[in-house]
Amino acid sequence: MHTSERQEFYTENGFLVLKNFIPIEACQLLMNRMSQLIAEFNPDHIKTIFSTKNQRPTLQDYFLESGDKIRFFFEENAFLPNGDLKFEKALSINKIGHALHDLDSIFYCFSRLHKIAMLADELGLIDPLIVQSMYICKQPLIGGEVTCHQDSTFLYAKEKPVVGFWFALEEATLENGCLWVIPGGHRTPPKLRLICKDQTIKTEQYDDSPWDLTQMIPLEVPRGSLIVLHGDLPHMSKENVSPKSRHAYSLHLLSRDSEFSDENWLKRGAHLPFKGFVD
Ligand code: FE2
């Protein structure tokens, strides 16, 4: 697809699928690095947070404080009632977020590849800031469903919605829980917003009509593909029912001419402000 075709398709549909966007070696590099980070991560001190006996607010705080950290989130039901993991650690983690792109040198360099910056520019993002990164494991057999949502619900930007860059580090198929999107659905402004003030989360619903899931199409992609998602595009992924994992790395970019709402859950302190592609 040529530049103008890509721009046209993105404007019309709210997403883009770019196969072979990154080399397999880059996928493997990120996977190896994550496997190291997981190996070094000691879940003992957070067992109580995730243990079923614990209070919900503690888990919520663990999430709310992760905007400028590298934190590990477990699959639902990964723990036994006594706080022990049911399965081995590396197969129990749902995702890792949300500042890998600023705090880990390998993820830092990958996230700032010239090719990514060029594509962001092509899509009309002005000198964008990378506001969030997530490494998503979608574990074999237990990787849970992510219901239909718009990313703007969680990362609201005032003038121009954020844009998600989703890299398939492994192939994504119907069986292992590929992304599904509603083409053109990005014309609907956020139906719901997550508002966070003083460590308290509430939701604001602007439209309670259900998404027409019959409009969803699956985006099965080979390893090394990039899927671009407009922040208002409804998307989801189903459970991973296969014995294969579906690792992905995602970035969310904010055009600098758009204001990131200070009511978003994701906060950055003065010690680690949002950065763009160049220092
Ligand atoms: Fe999403």
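The values are calculated or read from the model by the stated rules, or taken from the named source; none is laboratory data. Please read all numbers here as calculations on a predicted model, not as lab measurements. Heads up, the Cβs are rebuilt from the backbone with ideal geometry, glycines too, and the neighbour counts pull from every protein chain shown. The area values use the complete protein model at the heavy-atom level, side chains included, leaving out ligands, DNA and RNA. Shrake-Rupley method; radii C 1.70, N 1.55, O 1.52, S 1.80 Å.
For the cross-link pairs Lys115/Lys275; Lys89/Lys202; Lys138/Lys202; Lys138/Lys158; Lys158/Lys202, the ones whose C-alpha atoms lie over 29 Å apart are Lys89/Lys202; Lys138/Lys158. Charge tally for Gln7 (other residues, Cβ to Cβ under 13 Å; Lys, Arg +1; Asp, Glu -1): -4.
What are the semi-axes of the equivalent ellipsoid for the stretch 207-279, taken as the square roots of 5 times the Cα gyration tensor eigenvalues, largest first, in whole Å?
Working: eigenvalues 168, 79, 34 Å².
In descending order, the three semi-axes are 29, 20, 13 Å.
Each 10 Å bin from 0 upward holds the following percent of the Cα-Cα pairs of the stretch 83-195: 10, 35, 39, 13, 2.
Tally up the carbon and sulfur contribution to the accessible surface of the chain as a whole percent, 1.4 Å probe, everything protein left in place. The C+S portion of the solvent-accessible surface of the chain is 54 percent. Filter the chymotrypsin sites (Phe, Trp or Tyr not before Pro) in the stretch 194-279 to those in DSSP coil with at most 14 other Cβ atoms within 10 Å of their Cβ, and list the result. For chymotrypsin sites (Phe, Trp or Tyr not before Pro) across the stretch 194-279 that sit outside H, G, I, E and B with at most 14 neighbouring Cβ atoms in 10 Å, the list reads Tyr206.
When the charge dipole of the chain is built from unit charges on Cβ atoms (+1 for Lys and Arg, -1 for Asp and Glu) and taken about the Cα centre, the candidate among Met31, Ala90, Ser152 whose Cα reaches farthest toward its positive end is Ala90.
With a 10 Å cut-off between alpha carbons and a GNM built on the chain, which of Ala248, Ala168, Ala26 moves the most? Fluctuation is largest for Ala26. The stretch 158-239 gives an Rg/Rh value of 1.02, both radii derived from C-alpha positions and Rh following Kirkwood. Charge dipole (Cα centre; +1 on Lys/Arg Cβ, -1 on Asp/Glu Cβ; no other charges) of the stretch 1-154 amounts to roughly 460 debye. Using the Stokes-Einstein relation with a Kirkwood hydrodynamic radius computed over Cα pairs, the translational diffusion coefficient of the chain at 25 °C and a viscosity of 0.890 mPa s comes to 128 µm²/s.
Computed over protein heavy atoms with a 1.4 Å probe, the accessible surface of the chain works out to 47 Å² per residue. For the chain, adding -39500 (n - 2.57) for each run of n ≥ 4 DSSP H residues and dividing by the number of residues yields -6000 deg cm²/dmol at 222 nm.
Alpha-carbon geometry of the stretch 1-158: the Rg and the Dmax are 18.0, 56 Å, given in that order.
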